[in-house]
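Every read-out reported here was derived from the displayed coordinates using simple, explicitly stated rules and does not represent laboratory data. None of the values given here were measured: they were computed from a predicted structure. Note that each Cβ is placed from the backbone with ideal geometry, even for glycine, and that neighbours are counted across all protein chains shown.
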Amino acid sequence: MEYAHLTAQTIASPNGCADIRRAHDIAHRRLLDADSGHPPLAVNARSGSCRTRVQGRRMMSLNVAVLGLGIMGAGMAHQLVSAGHRVTVWNRTAARAEPLVAAGASLADTPAQAARDADFVIAMVADNHASRDVWLGADGALAAMKRGSVAIDCSTLDPDWVAELGAAMSEADVKFVEAPVTGSKAQAESGTLRFFVGAEESALTAAQPVLDVMGTEAIRLGPVGSGAVMKLANNFLSGLQAAAFAEALALIEAHGLDATLAADILRNGSPGSPMIGLMADRMLARDYTPNFLIPLMAKDLGYAERLMEATGIRSQLAGAARARFQDAADAGLGDRDISAVVERTRVG
Ligand code: NAP
């Protein structure tokens, strides 16, 4: 077993994370020097503890179960298989697991069977209901997990359900990390996701070797539930921008302006953001190949709306954005990317 780490902790600025990228670069260069110029398998920063870790070229083989092989879960499981780990997969629709099995994963018939011998169990499923089903349902994973093993839920969930799940994990003596992700299909397929972690420090430390394979950064926001709050704030802003850009583009097109020129003005002006740039590219090209499905954005905005209400925030925007995506789903666009929401704002 080799598990070589080059830690940049001592290089990082005492001011916190501001210099973490520089520290990362220095550590990365050192590893390249020490490793005959070959790039490392993965380069990881954990800004939650202001620590940058650079992994060596070979890691110990981990025994991991992945539950949920949709757009995101499939990419994440492929990363684990490609990195040489022992991976058992389960998906409600078993046919979706075929490419993973062809790549070397084992297929389980139930979440419980997948989880039985695993040291790490990852769920990446649609919503609260799906998460409840795979962990606590009939043949759910939790009842089969070993004491002291690590459960990681990467799905976008609401904090109430995450808290309930966390309590069930504690009861079963399983370490629990909620780690919703930012990044989409491409980042899942390339191991460059970022995790918003809600967990005890010790649970995150235990989960880190697995998170390192699938992402570049695991940011600890606080105890269980904090990751979900961060993720819902993130997707509230993302969904709002996508919906608002769909309406702005419809206005531009309806008035006969050059849409490419106008979109460039918006993306390069004060309204510009990575999300506006992405939506401009996809909506102008009418490219609705799924990265992130419309019903999932409606779900996230619904969770955000509920959380704001429960917190006493009188949001007028979360509900409006949710209604925009729900309308698109109801109109039959549920199997398209969120960019297809523009098809419901375009005039004519
Ligand atoms: P997806 O492609 O629609 O996959 C959803 C997965 O959930 C599938 O494996 C599906 O199984 C499973 N599932 C749904 N209901 C279930 C149930 N009741 N029991 C068991 N399994 C169930 O979605 P995705 O894009 O991979 O997203 C997965 C999660 O990541 C969601 O929480 C999403 O909000 C979040 N997320 C997505 C993105 C993105 O860009 N796509 C980015 C960040 C976070 P079947 O195959 O049988 O339907």
Suppose every K and R has +1 on its Cβ and every D and E has -1 on its Cβ; what is the size of the dipole of region 204-348 about the Cα centre, in Debye to the nearest 20? 340
10 Å beta-carbon shell around Glu343, net charge (K/R +1, D/E -1): +4
I want to verify the translational diffusion coefficient of region 63-222 in µm²/s; compute it with Stokes-Einstein, Rh as the Kirkwood radius over Cα pairs, at 25 °C and 0.890 mPa s. 164
Given a Förster radius of 30 Å and the C-beta distance between Thr311 and Ser82 as r, what FRET efficiency does 1/(1 + (r/R0)^6) yield to the nearest 0.05? 0.15
Distance (nanometres) between label positions extended 7 Å along Cα→Cβ at Asp264 and Thr192: 2.5
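Which entries of Lys146/Lys175; Lys231/Lys299; Lys175/Lys299 have Cα-Cα distances beyond 20 Å here?
Lys175/Lys299
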Which of Gly256, Leu301, Phe325, positive extreme of dipole for region 229-344 (C-beta unit charges): Leu301
Given N residues in region 217-308, what is its alpha carbon radius of gyration divided by 2.2 N^0.38 Å? 1.26
Once each part is reduced to its C-alpha centroid, what is the distance from region 224-281 to region 63-95 in angstrom? 32
